[in-house]
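Working notes, beginning with the structure itself.
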Amino acid sequence: MIPLGKQSSHAALLDLASRLAPQQGYNPTGLREVRLLRTEAVLRDIPVLYKPGAVFVLQGRKQGILDDEVLVYDEEHYLAVSVPVPFRMESVATTERPLLAIYVEFDMQLAAELASAAAGWGFSAGLKRARALVSSRMDACMEDVLLRLLSALCDPMETAILGAGILRELHYRVLTGPQGDAMLNALEKDSASGRIVQSLVRLRDTYNAEISVPALAAEAAMSVPSYHAHFRALTGSSPMQYVKAIRLHEARLMLARGEKTIAQVALSVGYVSPAQFSRDFRRYFGRTASEEVKWVREHIGELATGPPA
């Protein structure tokens, strides 16, 4: 239930979001980093992989499950993502009350600059452990930023002139919010978590190549057992499970674009055997590759190359 004092601003947010997201699935905006989602579907146990950023649900409800932890992001909570990790998602929506959500992709260089500037004022990460996903309660400052962001997106001139500044403030609000410590610790380059994050960046760039866990551990200046432990603590999976998930999510996007055959996609993402790829794909997504393409186009829409639903 939204407190009475917030109802007017929330109603304004909903009105703007409805105008900016008239189509089912993801709707583009004048800012590359911002998309709006409209969906009437109830989804259960859907594998997703979000890029670093934040998800603000204005109507409806979503929840993510990572390593047995349940993270709710709904009309009173938003989800902050510090590193891309595969997890399972559920969402609630109806035809009468479609789910409306804002997806903001973070500029990690900007986030680092803001963290450095804040440190100059004495702000620093506390003792919270680094976490890939954090659910935080929406406060008045965050709602105000979102209202100004959607308002600017309704006018191309305001988008061009004010958009970057509002996004900068949004980054700042997330990094200094309740989840800020956990996110900043994950992004601290000299920490164990920071070295794992650098390892994740390498895996994202080379997911279709041969993967050597001992080599990754050596690059992170860790023993193999220590690397495994820190990797699982941050991502909820082993390095090889993570790579498999990355490969399957990338394959899903390639298939949705319709640029290659299933066999060609399998080879492109690092599989030697198309048959093994098809088995892994069905086991992971619960549908064949052809069925998944139909599902993606129905639920995600024309922005099938964007973030998962």
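The values are calculated or read from the model by the stated rules, or taken from the named source; none is laboratory data. Fair warning: this is a prediction, and the values are worked out from it, not measured in the lab. With ideal geometry, Cβ positions are generated from the backbone for all residues, glycine too; neighbour counts draw on all protein chains shown.
Of everything in segment 231-245, what is surrounded by fewer than 20 Cβ atoms within 10 Å (Cβ to Cβ) and either without any contact (Cβ under 8 Å) to a residue 60 or more places away in the chain or in a helix (DSSP H, G or I) (or both)? Give them in sequence order.
Within segment 231-245, Arg232, Ala233, Ser238, Met240, Gln241 meet the criteria.
For segment 82-99, enumerate the residues that are of a type in the set (A, V, I, L, M, F, W, C) and closer than 18 Å to His299 by Cβ.
Phe87, Met89, Val92, Ala93, Leu99, listed by residue number.
Could you list, in sequence order, the residues of segment 18-63 that are within 23 Å of Met108 (Cβ to Cβ), surrounded by 22 or more Cβ atoms within 10 Å (Cβ to Cβ), among the small types (Gly, Ala, Ser) and out of contact with any Asp or Glu (no Cβ under 8 Å at 6 or more places or on another chain)?
Within segment 18-63, Ala54 is the sole residue that qualifies.
Among the candidates Glu90, Glu113, Glu143, single out the residue that is under 20 Å from the mean Cα position of the chain (by Cα) and assigned to a helix (DSSP H, G or I).
None of the others qualify; the one that does is Glu143.
Quickly run through segment 251-287 and pick out the residues that are more than 24 Å from the chain's Cα centre (by Cα) and either exposed (fewer than 14 other Cβ atoms within 10 Å of the Cβ) or in the same structural domain as Gly25 (by TED's automatic domain parsing) (or both).
Once the filter is applied, which keeps residues that are more than 24 Å from the chain's Cα centre (by Cα) and either exposed (fewer than 14 other Cβ atoms within 10 Å of the Cβ) or in the same structural domain as Gly25 (by TED's automatic domain parsing) (or both), segment 251-287 yields Glu259, Thr261, Gln264, Val272, Ser273, Ala275, Gln276, Arg279.
Scan the helices (runs of 4 or more DSSP H) fully inside segment 256-304 and keep the ones with 2 or more residues being of a type in the set (Asp, Glu). So that I can check it myself, show each step before the final result.
Values: elements: 262-268, 274-285, 289-299.
Filter on segment 256-304 gives 289-299.
Take segment 207-230 and flag every residue that is part of a helix (DSSP H, G or I) and either of a type in the set (Phe, Trp, Tyr) or buried (at least 18 other Cβ atoms within 10 Å of the Cβ) (or both).
Of all residues in segment 207-230, those part of a helix (DSSP H, G or I) come to 213-219, 224-230.
Leu216, Ala217, Tyr227, His230, listed by residue number.
Would you check which residues across segment 167-209 are out of contact with any helix residue (DSSP H, G or I) (no Cβ under 9 Å at 6 or more places or on another chain) and in contact (Cβ under 8 Å) with a residue 12 or more places away in the chain and list them?
Pro178, Gln179, Asp181, Ala182, Ala209
For segment 156-176, does any single residue satisfy the condition of being among the aromatic types (Phe, Trp, Tyr) and in contact with a Leu (Cβ under 6 Å, 6 or more places away or on another chain)?
Yes, segment 156-176 contains at least one residue that is among the aromatic types (Phe, Trp, Tyr) and in contact with a Leu (Cβ under 6 Å, 6 or more places away or on another chain).
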